[in-house]
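Below is a structure I'd like to ask you about.
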C-alpha cells in the first residue's frame, strides 16, 4: 500500500493529507497547460527592451575588445557585464506567455464540502491556500467554446491605506469544464447552509 502511494501524483497525495476528518472532495483538477495569449502583449515592450540590451552589451564588448581597451586589461571586460541582467530581464518578460506550461503540472485546485483549496509545488516546499465556505461571495465564470475557463470567487474585502476598498479573490483556472466547477462550489455552499441550519 505504501509503495503505491509513493508512486502516485504528489499533489494528489498532498490533497488527501490536507483533508480534515470527514471532509469530502467534490471536485479536483489541474490548470490546462496552455500558452497565455494575453501575455504576448508584454512583448511590445519586452522585444525592444531585449534587443536594445543585446545591442548595448555587444557594443560594450566590442569596445572592450578594441586596442584602446588593452591598457585597462580585464577591467574593460567588466563593463559589458552590466548589460547581462537587462538581457535576462528581457528574456524573463518574453517567457511570460509560456509560464502556464510549466506551472500547470505543479498546481492543483479542489472543491470540498467545506472549502476551496489550491496546492502548489514549489522548488522545495508545498504551498497551500484554503478558503472556508463561509467566506465565499459572488462568482464570475469565464468560459470558452470548449467548456474550459476560469472561475473568479470573491472571498472578502478590506480597506487599504488610501481608504479604497480592495476585493480579494480566489481564482480557479484555466480548467476544463469550468461550469461543473461552479456547480460544485454552489453545492458546497448548500451543504454549508444545511450544516448551519442543523447546528442552530
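Please treat every number below as a calculation from the coordinates, not as lab data. All of these numbers come straight from a predicted model, not from anything done at the bench. Methodologically, a virtual Cβ is constructed for each residue, glycine included, from the backbone with ideal geometry; neighbour enumeration extends over all protein chains shown.
Take the Cα pairs of the chain, get the Kirkwood Rh, then feed it into Stokes-Einstein at 10 °C and 1.306 mPa s and tell me D in µm²/s.
In µm²/s, the coefficient is 76.
Using only Cα atoms, tell me the angle between helix 84-94 and the longest principal axis of the chain; keep it within 0 to 90° and round to the nearest 10.
40 degrees
For the chain, modelled as a Gaussian network with Cα springs under 10 Å, which listed residue fluctuates most, 91, 119, 81?
Between 91, 119, 81, it is 81 that shows the largest mean-square fluctuation.
Separation between the residue 193 and residue 145 pseudo-spin-labels, each 7 Å from Cα along Cα→Cβ, expressed in nm?
Going by the 7 Å Cα→Cβ label model, 3.6 nm.
Continuing with the same structure: With springs connecting C-alpha atoms under 10 Å apart, model the chain as a Gaussian network and identify which of 51, 14, 104 has the largest mean-square fluctuation.
Its mean-square fluctuation being the largest, the pick is 51.
Can you grab the distance from the C-alpha centre of segment 128-144 to the C-alpha centre of segment 165-200, Å, no decimals?
Segment 128-144 and segment 165-200 have Cα centres spaced 6 Å from each other.
How far is helix 178-199 tilted, in degrees, relative to the longest principal axis of the Cα atoms in the chain, given as a value from 0 to 90 rounded to the nearest 10?
50 degrees
Treat the count of other C-beta atoms within 10 Å as a stand-in for reagent exposure and order 57, 128 from fewest to most.
Sorted ascending by nearby Cβ count, the order is 128, 57.
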